[in-house]
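What follows is calculated from the coordinates using simple rules that are stated; it is not laboratory data. Remember, predicted model here, so these are calculated numbers, not experimental data. Neighbour counts run over all protein chains shown; Cβ positions are idealised from the backbone, glycine included.
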Amino acid sequence: MFNKIWKNKVEESFSPTSYTKEEILQNPIPKHVAIIMDGNGRWAKKRALPRAAGHYEGMQVVRKITRFANELGIQILSLYAFSTENWKRPKSEVDYLMKLPEQFLTTFLPELIEENVKVRVMGHTEQLPDHTRRAVEKAIRETEKNTGLILNFALNYGSRAEITYAVQRIAKEVQKGTLAPEAITEQIISSYLMTKELPDPDLLIRTSGEIRLSNFMLWQLAYTEFWFTDVLWPDFTEQHLLEAIAVFQQRDRRFGGI
């Protein structure tokens with residue numbers, strides 16, 4: 001089965017191996033899937049379209065994959081939507097990216113509520129434009145009682161900044177005398193991170209052929225299984241998600257043991 005799944009990285013076009021939802025559900029499903037959604041700009045460039053068109057298509061894929069992840073019984077879907085480094089992009093592109101959460105949540109929120117999906121956001125949302133922050137806060141508020149899939153957006157998020165802020169807060173507790181240095185454990189550090197209420201991801205997916213983490217969940221991904229694909233995010237389908245899960249199901253997760 002592994003040979004069936006493995007793909008040739010040098011192939012320009014990639015057609016996913018066909019799996020059915022029923023086949024995949026015969027084995028344990030990852031509880032927490034994280035995705036670095038990469039390739040929107042390249043997708044648009046290949047079609048001689050503005051980069052905004054790629055971001056718009058990527059937003060449609062978020063809707064489709066969220067719906068399918070919920071059907072599969074995935075408990076948490078974390079999506080890297082906007083990094084702290086993305087502010088370096090041209091202002092026109094950043095402005096459009098800041099409108100996407102509002103567009104997405106306005107159109108998709110009724111369905112999220114109906115499907116019992118709970119919206120969550122990690123990142124420095126206080127730095128977002130007011131209209132973006134209001135849309136995010138509304139979605140969080142209106143889905144807070146939902147008990148199904150947690151749709152966790154990483155928005156204005158960077159893992160190094162997250163860890164730095166956590167260390168600063170821990171240092172203040174030590175300075176006040178409420179926390180002894182020798183009492184600082186991995187669990188303590190985790191409790192100061194933006195994912196403190198979530199388990200670490202079981203599976204990380206990155207699209208577009210890039211093989212790096214790009215400052216995403218550096219602490220949380222310590223024992224996560226990685227799956228990379230050349231497929232650009234706007235071309236990512238339910239079949240690609242099934243294939244990633246099929247690969248995950250073949251992995252032997254020992255967490256450092258034998």
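Pairwise inverse Cα distances across region 111-172, averaged and inverted, put the Kirkwood hydrodynamic radius at 12.9 Å. Checking (i) 110; (ii) 148; (iii) 133 against the coordinates, the calculated volume of the Cα convex hull per residue in Å³ falls under label (ii). Residue by residue, region 226-231 carries 3J(HN,Hα) couplings of 9, 9, 10, 9, 6, 4 Hz when phi is fed to the Karplus relation 6.51 cos²θ - 1.76 cosθ + 1.60 (θ = phi - 60°); x denotes Gly or Pro. Using bins of 10 Å that start at zero, the share of Cα-Cα pairs per bin across region 124-258 amounts to 9, 29, 36, 21, 5, 0, in whole %. Each of LEU151, LEU100 has some number of other Cβ atoms within 10 Å of its Cβ, and from fewest to most they run LEU100, LEU151.
Dipole magnitude for the chain: computed about the Cα centre from +1 point charges on Lys and Arg Cβ and -1 point charges on Asp and Glu Cβ, it is near 520 debye. Close amide-amide hydrogen proximity is noted between ASN156 and PHE82, SER83, each under 5 Å apart and 5 or more residues distant or on a separate chain (H modeled in the peptide plane; Pro and chain starts excluded).
The relative contact order of region 54-172, computed from alpha carbon pairs under 8 Å that lie at least 6 residues apart in sequence, is 37 percent. Karplus-derived 3J(HN,Hα) values for region 150-163, using 6.51 cos²θ - 1.76 cosθ + 1.60 with θ = phi - 60°, are 8, 9, 9, 8, 8, 10, 6, 10, x, 5, 5, 5, 4, 5 Hz; glycine and proline are entered as x.
Mean separation of Cα pairs under 8 Å and 6 or more residues apart, divided by the residue count, gives the chain a relative contact order of 29 percent. With contacts taken as Cα pairs under 8 Å and at least 6 residues apart, region 105-234 reaches a relative contact order of 22 percent. Over 30 Å apart at the Cα level, from the set LYS31/LYS138; LYS21/LYS138; LYS88/LYS196, are LYS21/LYS138. Kindly write out, for region 55-68 in residue order, the coupling ³J(HN,Hα) from the Karplus curve 6.51 cos²θ - 1.76 cosθ + 1.60 (θ = phi - 60°), rounded to whole Hz, with x marking Gly and Pro. Calculated HN-Hα couplings, in order: 5, 5, 5, x, 5, 5, 5, 4, 4, 5, 6, 4, 4, 6 Hz.
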